[in-house]
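Scroll down for the structure; my scribbles are underneath it.
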Ligand SMILES: [Cu+2]
């Protein structure tokens, strides 16, 4: 019984962080610098992106779906999720940050 418990604890501590990173990484805060609806691209000044191990910077992302750009203007504060795809970075989730 005790041995099983130790194994379970070891398993959980090894697995949970990886799963949390993949599925449930926190959204990254950012400020929209430029919206290119035609090319489905977004320039974002972003904070650290945990799942991509990326430090804060301003860069261009492609967006998965043009609908993510709806009602978005430069200067907007957002929270977003980005993933690596096809040699670039793709925004897969985006929401407007709550007004301060
Ligand atoms: Cu970046």
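Can you put 35, 60 in order of Cβ neighbours within 10 angstrom, beginning with the fewest? Can you show the working numbers first?
Details: 35 17, 60 14.
With the sparsest Cβ surroundings first, the list reads 60, 35.
In this simple spin-label approximation, residue 53 and residue 76 carry label points 7 Å from Cα along the Cα→Cβ vector, and these lie 3.2 nm apart. Would any residue of region 49-64 have its amide N under 11 Å from a label point 7 Å out along Cα→Cβ of residue 36? List them or say none. Within reach of a label on residue 36, which here means backbone N under 11 Å from a point 7 Å along Cα→Cβ, region 49-64 contributes 60-63.
Quick check on packing: order 69-77, 26-34 by the mean number of other C-beta atoms within 10 Å, highest mean leading.
Numbers: 69-77: 11.9, 26-34: 17.7.
Sorting 69-77, 26-34 by mean packing, highest first, produces 26-34, 69-77.
None of the figures in this text is laboratory data; all of them are computed from the coordinates on show. For clarity, every value in this text was computed on a predicted model and none was experimentally measured. Cβ atoms come from the backbone with ideal geometry, glycine included; neighbour counts cover every protein chain shown.
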